[in-house]
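Enquirer: The structure's right below; bear with me while I get my questions together.
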Amino acid sequence: MSTVRRPDHRSAHGPARAAHANGLRHVLTHLITPLLMCIGMGLAYLGAFAHPAPHHLPVAVVGSGRSAQLLAQSINDKAGGDLEVRTVSDRAAAVDRLKHQDIFGAYVIPAEGAKGASDAVDASGAKGAPGGAGRSGEAGASSSSGGSHTSSGSAGRDGAGGAARPRKPVPELLVATAGSDTSAAVVQKVFTPIAAQQGAPLKVTDVAPTAEDDPTGQGVFFLLVAISIGSYASVAVIGGAGAVLPLRLRTALAIGTSFVVGLIGTAFAGPVFHLVDHGLGGLWGMAWFYSAGVLLIGTGLHTFLKRWTTLGVMTLFVMLNFTSSGGIFRPEMQNGFFAALHSFWNGAGFVEGVRSHVYFDGYGLAGHVWTLAGWLVAGLVVIGVAAPAEKRRRTAETEAAAHAVAVAAAAVAAVPEPARSGRSAGGAEPGGGHGSAHAAAALEEEEREEELEEAVGV
């Protein structure tokens, strides 16, 4: 009596479960990168922008008499380290320091109101907060002349006779919004109550206004964002799709791409959005320097980081870069970590360089250009380190492949002739080496595709 053997469902489902487990492990492994990006972006952006507050923000009181010194001292005492108040002898000297970005606000005491200025500080306090700050000067009328924008309460006329009454001196606050609109807003919050205690509106004069189509001055920061994304996303393409190319050719592609990215950024800043109304040639030079540094560093790092390159360049040129650039809050409005990065990071070099070139007559421009040049040199150094590393790796891969071929040939030679003929007829042996090579190539191609897919934006 014969028995019918039932199919073993467990053996049928075994390979499928193994495939699902391998697939799940593969997905979970690749989820590490976006999760690390999430953590890094949260720590960087919220750490830099969540609680902005002045830290030794330099401002000035204009005047050489004792009243100016008393007012400056009173503000310093009330600010508790938030402000760094000094005295400046006259208005012209204050304007000069604002244009050199030595200070970010200068309070000019009216001739008749100097006596009660320090009392006003005691009554109103001197701390300013940037949250939601707008242009808070009490503006009744606005005018512009000599490149400066001014807002103040209007001088009234005599209602009965129509004759103009003598204009009462009003306190004036000098700011430079091109240096930082948020810093200027904080300074206005500090000095507006002081002027109100003197019974007069605060006249605000902007000695370095921004372009008409960029009223907040933050267009330069978003230009930095566009150039950065174009640069570091190109790193994934050059390093992934161009991995078969020699490093010298990938380096040439990186330099050429940075040239195009700089042109695109200049077009956005000039004819497209009118963020900058002059000096486009210098802006393109800085954009090219910046983009070339990012691309060269990323291309060199790809030799060592492979699929982690996207995370690496995002850490360098997004998380730490945008937050320390000074495009939203200057370092005087941030904690010590990001304020320290501002002094040498490439995004700060670009933002401050463009501001200096366009709005401040080139003052301090050389230092910012040297910052960008330093990062460009750093990119060349990384390329120089990657070149011998790639050469050693390729040599090792070639030797390993040659060794594998030699071993396979020796194994084939050791098989007796009849068995070897039988295997050739069955088609099992000759294709084995090529199958392994195809599998390795397919795996490498899959890794490249995954890397390109991970090249995400901000």
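The values are calculated or read from the model by the stated rules, or taken from the named source; none is laboratory data. For clarity, every value in this text was computed on a predicted model and none was experimentally measured. For neighbour counting, all protein chains shown are included, and Cβ atoms are generated from backbone atoms with ideal geometry for every residue, glycine included. For accessibility, only protein heavy atoms count, side chains too; no ligands or nucleic acids. Shrake-Rupley method; radii C 1.70, N 1.55, O 1.52, S 1.80 Å.
Enquirer: Beta carbons within 10 angstrom, averaged per residue: use that to sort the peptides 183-192, 94-103, 168-177, highest first.
Expert: Working: 183-192: 25.0, 94-103: 19.7, 168-177: 23.4.
Packing proxy ranking, top to bottom: 183-192, 168-177, 94-103.
Enquirer: Determine the per residue accessible area of the stretch 191-232 with all protein chains present and a 1.4 angstrom probe, expressed in square angstrom.
Expert: 32 Å²
Enquirer: Where does each of 348-360, 15-27, 220-232 land if you order them by average Cβ count within 10 Å, highest first?
Expert: 348-360, 220-232, 15-27
Enquirer: Separate question: Keeping all protein chains in place, calculate the accessible area per residue for the stretch 10-87 (probe 1.4 angstrom), answer in Å². The partial results should precede the final answer.
Expert: On the way: 4640 Å² over 78 residues.
It amounts to 60 Å² per residue over the stretch 10-87.
Enquirer: Rounded to the nearest 0.05, what FRET efficiency do Leu43 and Ile264 give with R0 = 30 Å and r taken as the Cβ-Cβ distance? Could you check? The partial results should precede the final answer.
Expert: Values: r = 30 Å, r/R0 = 1.01.
Result of the calculation: an efficiency of 0.50.
Enquirer: In this model, which of Lys168/Lys189; Lys306/Lys391; Lys168/Lys203 are farther than 18 Å apart at the alpha-carbon?
Expert: Lys168/Lys189
Enquirer: Still on this structure, please answer the following. Using a 1.4 angstrom probe on heavy atoms only, work out the carbon and sulfur share of the accessible area of the stretch 228-269 in %.
Expert: Within the stretch 228-269, the accessible surface is 83 percent carbon and sulfur.
Enquirer: Turning to a different aspect of this structure: Roughly how many Å² is the accessible area per residue of the stretch 300-396, as a whole number, for a 1.4 Å probe?
Expert: With the other protein chains kept in place, the stretch 300-396 gives 38 Å² per residue.
Enquirer: Let me ask something else about it. Highest mean first, what order results for 48-60, 195-207 on Cβ atoms within 10 Å? Intermediate values should be presented prior to the final figure.
Expert: Working: 48-60: 19.1, 195-207: 21.0.
Those peptides, ordered most packed to least, come out 195-207, 48-60.
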